[in-house]
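Step one of this worksheet: look at the structure below.
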Amino acid sequence: MPHTLRSVCEVVESLWPIAGAEGWDAPGLVSGDPDATVERILLSVDAVAATVEEAVGLHADLLIAHHPLLLRGVTSIAEDRYKGSLLVRLIRNDCALIAAHTNADVVADGTSAVLATALGLTDTAPIAPAADGVTGIGRVGTLPEPTTLGALARVVADLLPPTAGGVRAAGDYHQPVSRVAVCGGAGDSLLGSDAVRGADVYITADLRHHPASEAREQAVLGGGPALLDVSHWASEWLWLDTAAERLRRELPGVEVVVSELRTDPWDFAILQ
């Protein structure tokens, strides 16, 4: 029996329940006919012109993006505005759009959990746990063997897909690290949490000047981790393979393709 967009939405809800999303988030079905047949899905971090064109070129019936295209309110989807042009392109080519954002972050195999697993962290737990104590934002755990900040930064750089920004570090290159906190995507809102402050190093993306500076000043006084700042896109791209495998198991007969396009917005960096 062929799968429809409606049945795919039911599977997506079972894997990444919308109830787990943050209140400010906008996951779920964005566009598409619930009765349309779905035979091919493209997974990406971002719904941008390049991934929309990729979906259209693959004749995909559905694009599932981690980041919501309509996260913030819009009053027009006119085609001379990029969000409108993307939606119209998808609709005209019978390609639906679903967003799975913070609801896909918090689950047991969500974005941060995948990053923690890739680093080999053990005895992991959410940084900001939900009421069940199992799901939640971020993960904190212990490396199999202690290492140094510099060596761990190299591991992270080799693990993630390359970007112009690479990996930025705040802390002594040779300082020992064992306890590691990670948060895929923007994570400076968690800098003050007990789990992060109790870690030797915190790996996340989009660290802004003031939160990072204040965290490092606190660390000098004996309370706070070293920091590794990575690309937002790269920190969440690893999750796509895990998401694809889950979808393939739940949707037999549906082809699920992971986009390998780099949608990090930065193109190059010049070191001074």
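Taken together, the values in this text are just the output of simple stated rules run on the coordinates, not laboratory data. Keep in mind that this is a model prediction, so the values were computed, not measured. Because the Cβ atoms are built from the backbone with ideal geometry, glycine has one as well, and the counts that use them run over all protein chains shown.
Tell me, what is the Rg over Rh of the range 23-68, with Rh the Kirkwood radius over Cα pairs? Result for the range 23-68 is an Rg/Rh of 0.98.
Which trypsin sites (Lys or Arg not before Pro) in the range 186-267 sit in a loop by DSSP (not H, G, I, E or B) and have at most 14 other Cβ atoms within 10 Å of their own Cβ? Show your work: numbers first, answer last.
Numbers: sites: 197, 208, 216, 246, 248, 249, 262; in loops: 208, 262.
Those satisfying the criteria are 208.
For the chain, set up a GNM with springs between Cα atoms under 10 Å and report which of 90, 227, 261 has the largest fluctuation. Of the options given, 261 has the highest mean-square fluctuation.
At a 10 Å Cβ-Cβ cut-off, how would you order 95, 183, fewest neighbours first? Intermediate values should be presented prior to the final figure.
Numbers: 95 24, 183 30.
With the fewest neighbours first, 95, 183 line up as 95, 183.
Between 0 and 90 degrees, the angle of helix 5-15 with respect to the longest Cα principal axis of the chain falls at about 20 degrees. Of the residues 68, 129, 17, the one that moves most in a GNM of the chain with alpha-carbon contacts below 10 Å is 129. Within the range 189-272, all pairs of alpha-carbon atoms sorted by distance into 5 Å bins from zero give the percentages 3, 12, 17, 15, 13, 12, 12, 8, 5, 2, 1, 0.
Taking Cα atoms only, the orientation of helix 239-250 departs from the longest principal axis of the chain by about 40 degrees.
Note the full-extension length gain between residue 94 and residue 248 as 0.36 nm times their separation in residues minus their Cα-Cα distance, in nm to one decimal.
Stretched fully, the residue 94-residue 248 segment lengthens by 53.3 nm.
Ordered from longest to shortest, the equivalent ellipsoid semi-axes for the range 106-230 are 20, 17, 14 Å, each the square root of 5 times a Cα gyration tensor eigenvalue.
Ranked for footprinting exposure by Cβ neighbours inside 10 Å, fewest first, 139, 154 give 154, 139. If you place +1 on the Cβ of every Lys and Arg and -1 on the Cβ of every Asp and Glu, how big does the dipole about the Cα centre of the range 106-230 come out, in debye to the nearest 20? Rounded to the nearest 20 debye, it is 140 debye. The spread of Cα positions in the chain, taken along each principal axis and listed from longest to shortest, comes to 58, 43, 32 Å.
Note on the chain: with a GNM built from Cα contacts shorter than 10 Å, the maximum mean-square fluctuation among 56, 106, 114 falls on 56.
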